[in-house]
Amino acid sequence: MSNETKIFLGVIGGTLLLIFGLAFLFGNKNSATLPTGSAVVDEKLLIKPDSWKIGTDSAKVTVVEFSDFQCPSCKAAEPVVQSLLVKYGNNLRLVYRHFPFPAHEFGFIAAEAAEASGLQGKFWEYHDKLFDQSPDLSKDNLIQLAKDLNLNMDKFNKDLDSDPVRQKVLNDQNDGKTLGVNATPTFYINGTK
């Protein structure tokens, strides 16, 4: 079995688990009820004040995703995540956390570029463009994506190389490691991996 087939099957399996997990939570009258043996993670470790979020804090279901922009499985899962956001609307909150793998040459700088675009109010737009462009995320392509979004390029380039942006990505990575994240995408649904 080729690596591409393994990745595809892994994405399909993970996607089905995510869909069934969300269906369980939305279909369950008491959303705090968890499957036997599941451990809920402290939300303060999963969601930081500076985490990127879509949806409201009052959403019935919160999905935290640890992801890598250069990861083929993350790219494959993205349409499913987007369809869940559309389907469940205000009942679903998505939190994005960076977890670039060292094996992905451009994963870390892509995360930094997303953060730099976020400082100009365009994190989610840039996020979407990164997954569209992935895996070709060279620095030249990252800069072109910023230009395509009409970002202030002087500010973008300065922020891209800044310590606060680098530290934000490192903080997400460290939180993921603390939680035992060892693959991307990794999802937590209402605090349960």
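The values are calculated or read from the model by the stated rules, or taken from the named source; none is laboratory data. Note that the coordinates shown come from a computational prediction; the quantities given were computed from them, not determined experimentally. Because the Cβ atoms are built from the backbone with ideal geometry, glycine has one as well, and the counts that use them run over all protein chains shown. When the accessible area is computed, the model is the full protein with side chains, heavy atoms only, and any ligands, DNA or RNA have been set aside. Shrake-Rupley method; radii C 1.70, N 1.55, O 1.52, S 1.80 Å.
So for region 164-175 (the condition being part of a helix (DSSP H, G or I), aliphatic (A, V, I, L, M), modelled with pLDDT under 95 and surrounded by fewer than 20 Cβ atoms within 10 Å (Cβ to Cβ)), does at least one residue qualify? Spell out the reasoning first.
Quick first cut of region 164-175, residues part of a helix (DSSP H, G or I) only: 164-175.
Then drop every residue that is not aliphatic (A, V, I, L, M), which leaves 165, 169-170.
Adding the requirement that they be modelled with pLDDT under 95 leaves none.
Checked region 164-175: no residue is part of a helix (DSSP H, G or I), aliphatic (A, V, I, L, M), modelled with pLDDT under 95 and surrounded by fewer than 20 Cβ atoms within 10 Å (Cβ to Cβ).
Within region 176-185, being surrounded by 12 or more Cβ atoms within 10 Å (Cβ to Cβ) and part of a loop (DSSP other than H, G, I, E, B) holds for V181, A183, T184, P185. Criterion applied to V95, V64 was being farther than 23 Å from L149 by Cα, at pLDDT 90 or above and β-branched (V, I, T), and the one residue passing it is V64. Of the residues making up region 40-73, those that are within 24 Å of A116 (Cα to Cα), open to solvent by less than 20 Å² (accessible area, probe 1.4 Å) and part of a loop (DSSP other than H, G, I, E, B) number 4.
Filtering region 103-152 to residues that are under 24 Å from P79 (Cβ atoms) and basic (K, R) leaves K122, K129. Just one residue in the set A114, A146, A76 is in a helix (DSSP H, G or I), surrounded by fewer than 21 Cβ atoms within 10 Å (Cβ to Cβ) and in contact with a helix residue (DSSP H, G or I) (Cβ under 9 Å, 6 or more places away or on another chain); that residue is A76.
In region 176-190, the residues that are at positive phi form Cβ pairs under 9 Å with partners that are assigned to a loop (DSSP other than H, G, I, E, B) and of a type in the set (D, E, K, R), at six or more places apart or across chains, as follows: G180/K193; N190/K60.
Could you please let me know if K158 is closer than 16 Å to F69 by Cβ and surrounded by 13 or more Cβ atoms within 10 Å (Cβ to Cβ)? Answer is no for this residue.
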